[in-house]
1. Condition first: over 28 Å from Pro189 (Cα atoms) and among the acidic types (Asp, Glu). Can you find one or more residues in region 94-104 that meet it?
2. Does any residue of region 166-181 turn out to be aliphatic (A, V, I, L, M) and in contact with a strand residue (DSSP E or B) (Cβ under 9 Å, 6 or more places away or on another chain)?
3. If you check every pair at least six apart or on different chains, which have Cβ atoms under 7 Å apart with a residue in region 37-62 that is over 18 Å from Leu132 (Cβ atoms) first and a residue that is within 16 Å of the ligand (Cβ to nearest atom) and assigned to a loop (DSSP other than H, G, I, E, B) second?
4. With the condition being over 14 Å from the mean Cα position of the chain (by Cα), within 13 Å of the ligand (Cβ to nearest atom) and within 24 Å of Leu171 (Cβ to Cβ), I'd like the helices (runs of 4 or more DSSP H) fully within region 1-119 carrying at least 3 qualifying residues.
5. Within region 20-43, work out how many residues are surrounded by fewer than 17 Cβ atoms within 10 Å (Cβ to Cβ) and closer than 22 Å to Ala228 by Cβ.
6. Among the residues of region 138-166, which ones are surrounded by fewer than 20 Cβ atoms within 10 Å (Cβ to Cβ) and either under 22 Å from Lys43 (Cα atoms) or of a type in the set (Asp, Glu) (or both)?
Amino acid sequence: MDKQKQIVEMFDRIASRYDLANRILSFGMDVGWRKEGCELALKRLGRRENLKILDVACGTGDMILHWQDRLNSCEFIGVDPSEGMLKVAQSKVGDCRFLQAQAQNLPLDDESVDVISIAYGLRNVCDYPLALREFYRVLKRGGVLLILEFMHNPNPSFLDSMGLFYTQKILPILGGLISKNKQAYTYLPNSIEEFASLETLKEDLVKSAFVDVWAKNYYAKISSLILASKEK
Ligand SMILES: C[S@@+](CC[C@H](N)C(=O)[O-])C[C@H]1O[C@@H](n2cnc3c(N)ncnc32)[C@H](O)[C@@H]1O
C-alpha cells in the first residue's frame, strides 16, 4: 500500500480518540497556538467579513471552530482525506462544507478563498511542495496561508532537546495508551524527524511564489507558526 494511503488509514483508526489525545499530549497549549495563528492571519488580511476560509487537513474540525469563534458572515470549508476524521468533524462543527480530498489536489477553483489554514497536517502530506502550489492556486490575490506544524529541528539547543525528549520518548508512550494505537504515536516523532526544517519550508514557500513569509516558534521549538501571503 502506498505511504499516503497508510497515513490516511491510520487517522481513520484513531479518529474517535484523536481530540482527547491531542488535548492531553499538548497540555492544552495547542489552543493558544491556534488562537494566535488565527488572530495574526486575520490582522495580516485586514478584513473580517465576507471571507471564505479553507482549512486543509481539517481532521476533527478544531481549527474551523477557532475561525468560527472570531468571524461572522463568512463561509467555511474543511478538507481532509480521512472519512473517520471528517465524521467526527461533522458531528462537532456546524455551518461548514466538508470535502473528502487531499491537499495535493484540492477540489476548489483558482483564486477562490481568502485564507487557507493547515494545522499539524502538512507533515502528513506526501510531496508537500505540490500542496503548497495547490494552496497558491486556490488563494485569492492578497490571501493568507497559515501553517501550524511540528518542524524538524536539525540543530537543537540544550533547551530544544528537552522538547525533543518529550516528543520522541514520552509522547509515543502516552499517545499509544490514550489512543490505543501505538503505531500512530510512533509515527508522530518519526514524521517530524523526516519532515522539513523551518528554514527549508520557508524556502519552499518562496519557491512557490508566496511573499512575506514569517515564522515563530513555541516552547523549545516544539511547534511553529508560519504565515505567508499571495501577492495582491
Ligand atoms: C494531526 S491531524 C491534524 C488535524 C487538525 N488539522 C488539527 O489541527 O487537529 C493530520 C490530518 O491530516 C490529514 N491528512 C493526511 N494526509 C493528508 C493529505 N494528503 N491531504 C490533506 N490532509 C491529509 C489526516 O487525515 C489528519 O486528519
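Values in this text are rule-based calculations from the coordinates and carry no lab data. None of the values given here were measured: they were computed from a predicted structure. As a convention, Cβ positions derive from the backbone with ideal geometry for all residues, glycine included, and neighbour counts pool all protein chains shown.
1. yes
2. If we filter region 166-181 for residues that are aliphatic (A, V, I, L, M), which is where we start, we get 170-171, 173-174, 177-178.
From the residues that got through so far, the ones that are in contact with a strand residue (DSSP E or B) (Cβ under 9 Å, 6 or more places away or on another chain) too are none.
No, because not a single residue in region 166-181 is aliphatic (A, V, I, L, M) and in contact with a strand residue (DSSP E or B) (Cβ under 9 Å, 6 or more places away or on another chain).
3. Listed pairs, sorted by first residue: Gly59/Asp80; Gly61/Val93.
4. Values: elements: 3-25, 29-45, 62-70, 83-92.
Per the criteria, 3-25, 83-92.
5. Residues of region 20-43 that are surrounded by fewer than 17 Cβ atoms within 10 Å (Cβ to Cβ), as a first pass: 20, 23-24, 27-29, 31-32, 35-36, 39-40, 43.
Imposing the further condition that a residue be closer than 22 Å to Ala228 by Cβ reduces the set to 32, 35-36, 39-40, 43.
Of the residues in that region, 6 qualify.
6. Of everything in region 138-166, those that are surrounded by fewer than 20 Cβ atoms within 10 Å (Cβ to Cβ) and either under 22 Å from Lys43 (Cα atoms) or of a type in the set (Asp, Glu) (or both) turn out to be Lys140, Arg141, Gly142, Asp160.
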